[in-house]
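The values are calculated or read from the model by the stated rules, or taken from the named source; none is laboratory data. Not measured: the values here are computed from a predicted model. FYI the Cβ positions are ideal-geometry reconstructions off the backbone, even for glycines, and counts take in every protein chain you see.
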Amino acid sequence: MTMKLTPKTATLLVLVALVVLSPVLFPSGYYYRVGALIFVNAIAVTGIVILTGYAGQISLGHAGFAGIGAYACALAPVHLGLHPSLALLLGASVSALLAFLVGRPILRLKGYYLGVATLGFGILISMVLNNERQLTGGPDGIEVPELGLRALLNDMGLDLTNGQFWYWFCGIAVILGAWLALNLHGSPTGRALRALHGSEVAARTVGIHVARMKLQAFVVSAVYASVSGSLLALQNKFITPDVAGFMHSIEMVTMAVLGGVGSVLGAVFGAAVLTLLPQVLTVFAEYEQLVLGLVMMLVMIFLPQGLLPSILRRVRGKDE
Amino acid sequence: MTALLSVEGLGISFGGLKAVSDVSFTVQPGEITSVIGPNGAGKTTLFNMISGIYQPGSGRVVLGTEDVTGMAPHRLARRGMSRTFQNLQIFQSMTVLENAIAGFHLAERGPVLADLLGLPASRRRAAQAQAGARALLARVGLDRAAEREAGNLSYGALKRLEIARALALSPKILLLDEPAAGCNAVETEEIDHLIAEVAKSGVAILLVEHDMKMVMRISNHIVVLDHGEKIAEGDPASVSRNPAVIAAYLGTDAEEAAHADG
């Protein structure tokens, strides 16, 4: 069998190289934590790439699913006695089910109903997490049990710091998430999603069940957001309702748009830029909302394809 | 011979304005039936009702023996109805090949989980669809443009791509809305041959077309609409002699009639 470098393989190779080689440049152990945070965001943004980049649907409440994933890892081990890894799966299942129930009636409608409905959904989840103090600890947040895998690895002789462990763990998760999204892109389902994005009426005439396909994309992207929330909770060992907040939803969309919303590699790129900025520029932290809005506007006006695709195009243009 | 498609008293109004009223005709397998009429006669509206894009206000659409009035397009596709559009509906940012593969959706679709995991079954389905799509692209003369982004193709090429995508469904009936509009003489002739060939293979073809020469040359049966009503029906020779038809064309748009003669 001959090896052909398909776009999918190339993207995965670049990702693996990024994950493996980046630590060489880390000035301190602290950057493992930043890297892990980038990966956590990149997983959620990969879900947005599927929903918005492939299928052309907008969600303004995906942080709600991240909240479900996060709090599943905080609550299920304590109240249900589940291992944190199973709590992650439980969170993903609940998110998928809720996405199905919320999306099913809405995705039959045309237009921007999904954006509005998900906005409401995100706010609802955020309110529940804030108000159900007895269960969730309210706005002060809640502790999340240890995953326990690092201790297991230590016993096996693989001595990693906490930051290192989560860097590699989330790095593998990002690559896995990207692999799934790239598989989907070239698959019959991914093609149908991109087709209905291009022309809904033409998609329907070739037999694509538009509402069902959109629903599938919505459910899959909700699972990505949920897993991202779970990983965030597990690595911080503490979680607040901010994870489900509106700003987090907007952050996900902005990262996707910045990276070029149809591109999996762009998702990681967008997540990296917007996760690093506040670390590098401390002023950014105070004006985060302002900067997010500004980034979104500037990208839309000057680089509608997203930052990464625009850069790649320019580089290729010079080669020719 | 039993009709493949029967349109019975079909009508629709938009805001009190009758766009199409009481139109009936049948389409036979292996035959080319054309719908003609001056601009605004309701041809595309009729198409949109038959293909499930509009809900008819009155009347029935019968496909084979089944009443499919107002049925959603994706369900009609499963029953063997396929169409193209007057204003191109191409998946612009996908490649030419992928546009054609999309036409095989019903054949290649499968569980989303298999597609996410890239299971062999999913790849096999996609590969089969791709082989079928390549064959169709060769048939419409677009095989060399397969890897290009569809948005970059010429208008005539996109018209042929739409036909290829519609043929991917292996339709029993194919609705073509002005397939030669905006095409030059050579392209028109190519499309002309293609349509005749498809009809020969037993597919029923329903055609809306402005190019009168083409309509007269390839149609077995012609239905004439004016102001949303059927004013004449018959074979090309009888329709072209029909006084009502001549009046409709001369009365509303003499220039167009002259163009049709030229």
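Summary of values
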| read-out | value |
| --- | --- |
| Residues of the range B:90-108 satisfying the condition of being at the interface with chain A (Cβ under 7 Å from one of its Cβ atoms), under 12 Å from B:Ala77 (Cβ atoms) and assigned to a helix (DSSP H, G or I) | B:Ala102, B:His105, B:Leu106 |
| Test result for B:Leu46, surrounded by fewer than 18 Cβ atoms within 10 Å (Cβ to Cβ), under 24 Å from B:Tyr249 (Cβ atoms), of a type in the set (A, V, I, L, M) and out of contact with any helix residue (DSSP H, G or I) (no Cβ under 8 Å at 6 or more places or on another chain) | no |
| The listed residue being at pLDDT 90 or above, touching a Pro at 6+ places or on another chain (Cβ under 7 Å) and not in a loop (DSSP other than H, G, I, E, B), out of A:Ala92, A:Ala99, A:Ala87 | A:Ala87 |
| Within the range A:250-320, helices (runs of 4 or more DSSP H) holding 1 or more residues that are among the hydroxyl-bearing types (Ser, Thr, Tyr) and at pLDDT 80 or above | A:264-280 |
| Residues of the range A:174-188 satisfying the condition of being among the aliphatic types (A, V, I, L, M), closer than 21 Å to A:Val34 by Cα and crowded, with 21+ Cβ neighbours inside 10 Å | A:Val174, A:Ala178 |
| Condition met for A:Thr240 (at pLDDT 90 or above, more than 20 Å from A:Ile50 (Cα to Cα), hydroxyl-bearing (Ser, Thr, Tyr) and surrounded by fewer than 24 Cβ atoms within 10 Å (Cβ to Cβ)) | yes |
| Any chance B:Ala157 is more than 30 Å from B:Ala41 (Cα to Cα) and more than 11 Å from every other protein chain (Cβ to nearest Cβ) | no |
| Residue, farthest from the other protein chains (Cβ to nearest Cβ), within the range B:161-205, restricted to residues that are surrounded by fewer than 19 Cβ atoms within 10 Å (Cβ to Cβ) and at positive phi | B:Gly202 |
| Residues of the range A:187-197 that turn out to be facing another protein chain (nearest Cβ under 7 Å) and touching a residue at least 12 places away in the same chain (Cβ under 8 Å), as a count | 5 |
| A:Ala44 within 19 Å of the chain's Cα centre (by Cα), within 24 Å of A:Asn183 (Cα to Cα) and in a helix (DSSP H, G or I) | yes |
| Selection from the range A:145-167 of residues that are surrounded by 20 or more Cβ atoms within 10 Å (Cβ to Cβ) and at pLDDT 90 or above | A:Phe165, A:Trp166, A:Tyr167 |
| Scope the range A:208-244; condition within 11 Å of chain B (Cβ to nearest Cβ) and either touching a strand residue (DSSP E or B) at 6+ places or on another chain (Cβ under 9 Å) or among the aliphatic types (A, V, I, L, M) (or both); matching residues | A:Ile208, A:Val210, A:Ala211, A:Met213, A:Leu215, A:Ala217, A:Val219, A:Val220, A:Val223 |
| Residues of the range B:104-121 satisfying the condition of being touching a residue at least 12 places away in the same chain (Cβ under 8 Å) and either in contact with a Ser or Thr (Cβ under 8 Å, 6 or more places away or on another chain) or charged (D, E, K, R) (or both) | B:Glu108, B:Arg109, B:Gly110 |
| Leading residue by the ranking (farthest from A:Ser230 (Cα to Cα)) among those in the range A:160-191 that are assigned to a helix (DSSP H, G or I) and polar (S, T, N, Q) | A:Thr189 |
| A:Gly47 being out of contact with any strand residue (DSSP E or B) (no Cβ under 8 Å at 6 or more places or on another chain) and either over 24 Å from A:Asn162 (Cβ atoms) or charged (D, E, K, R) (or both) | yes |
| Candidate set from the range B:127-146 (those that are within 14 Å of chain A (Cβ to nearest Cβ) and crowded, with 20+ Cβ neighbours inside 10 Å); member that is nearest to B:Leu97 (Cα to Cα) | B:Ala133 |
| Within the range A:191-210, tally of residues that are surrounded by fewer than 24 Cβ atoms within 10 Å (Cβ to Cβ) and out of contact with any His (no Cβ under 9 Å at 6 or more places or on another chain) | 5 |
| Residues of the range B:109-126 classified as aliphatic (A, V, I, L, M), facing chain A (nearest Cβ under 7 Å) and buried (at least 18 other Cβ atoms within 10 Å of the Cβ), total | 3 |
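A quick yes/no check of all residues on (1) over 29 Å from A:Leu184 (Cβ atoms); (2) polar (S, T, N, Q); (3) out of contact with any Asp or Glu (no Cβ under 9 Å at 6 or more places or on another chain):
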residue	(1), (2), (3)
B:Gly15	yes, no, yes
B:Val35	yes, no, no
B:Ile50	yes, no, yes
B:Leu63	yes, no, yes
B:Arg75	no, no, yes
B:Gln92	no, yes, no
B:Ala100	no, no, yes
